[in-house]
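First up is the structure itself, then whatever we jot down about it.
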Amino acid sequence: MLENCDAFCNEMGKLSLPELEEKIKEFYKEFQKSNNYVDERLEICLSHRKYLINQNFKFTPNIIRHIRRVNRLIIVSTTKVINHTKKLYREMEQLKAQGDDFLEEFEVDGSVAVEYLNKDSVLILEEDENNGQSDYVAMADILDYTNIAFRPLRTFYYNVLTDIIDDDLFTEDSYEHILNNDILNAPELSKIEYFGLTSHRLFVDSNYSISDIIRIKNICNEVKVTHRNFEM
């Protein structure tokens, strides 16, 4: 627990964007060496950095094009993971029904996440809306490592023990629009037809600023199948 959180927030709030990012890099190094699940100082600084960048953001045609690109990438990824997770679950059901004596339990997990691999994971744009003040590559690494305490943007989970599949958990239906307040309601983005829950979590719930999001190149789609057996 961070002692005197208000004083810390006030202190960080006085920093310029480059100064704040230096603090973020410092806290990140300490966080990596620790066994902690989260670092409150890091979370506060990343959240404030997002605020600094987003508060005066100007939506140029090129930036809107990249927002559309990333949103489309996320929609395609989410749909792909949903479909593959369902497919593998059905295959596992059939395998168990055929009498596979190892499958006492099984589960299928799918996830969609932003992934930072190296500096090539960050798109280099000709225009820099922050006038060179942000180290986008370093921040991409930190954001990937810390995003929502290591959670992906979206997860999908089937477990044979429940014997129930709630398809509402596996769709990108239009009801998600009600969640898209804040930045996604900007008039400049009104021509983008759809932002789903996965995009909402990236744009609104995470510490990624718009400047970070428009530079994303890699989305990691993953589906895992767990076969489980018990010996008594």
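The values are calculated or read from the model by the stated rules, or taken from the named source; none is laboratory data. Keep in mind it's a predicted model, so treat the numbers as computed, not measured. When we count neighbours, we look across all protein chains shown, and the Cβ atoms used for this are built from the backbone with ideal geometry, even at glycine.
Structure notes:
- Summed over the range 26-68, the residues that are in contact with a Leu (Cβ under 9 Å, 6 or more places away or on another chain) and part of a helix (DSSP H, G or I) give a count of 19.
- Hey, Tyr28 out of contact with any strand residue (DSSP E or B) (no Cβ under 7 Å at 6 or more places or on another chain), modelled with pLDDT under 90, under 30 Å from Cys5 (Cα atoms) and among the aromatic types (Phe, Trp, Tyr) or not: no
- Residues located in the range 61-115, provided they are in contact with a helix residue (DSSP H, G or I) (Cβ under 6 Å, 6 or more places away or on another chain) and of a type in the set (Gly, Ala, Ser): Gly110
- Residues of the range 127-144 satisfying the condition of being touching a residue at least 60 places away in the same chain (Cβ under 8 Å), part of a loop (DSSP other than H, G, I, E, B) and of a type outside the set (Gly, Ala, Ser): Glu127, Glu129, Asn130, Gln133, Asp135
- Qualifying residue in the range 72-80 (condition: crowded, with 16+ Cβ neighbours inside 10 Å, farther than 17 Å from Leu202 by Cβ and either touching a residue at least 12 places away in the same chain (Cβ under 8 Å) or among the acidic types (Asp, Glu) (or both)): no
- Matching residues, the range 31-49, being modelled with pLDDT of 95 or more and basic (Lys, Arg): Arg49
- Checked against the criterion of being in a helix (DSSP H, G or I), charged (D, E, K, R) and farther than 18 Å from Asp128 by Cβ, the candidates Glu21, Glu91 yield just one match: Glu91.
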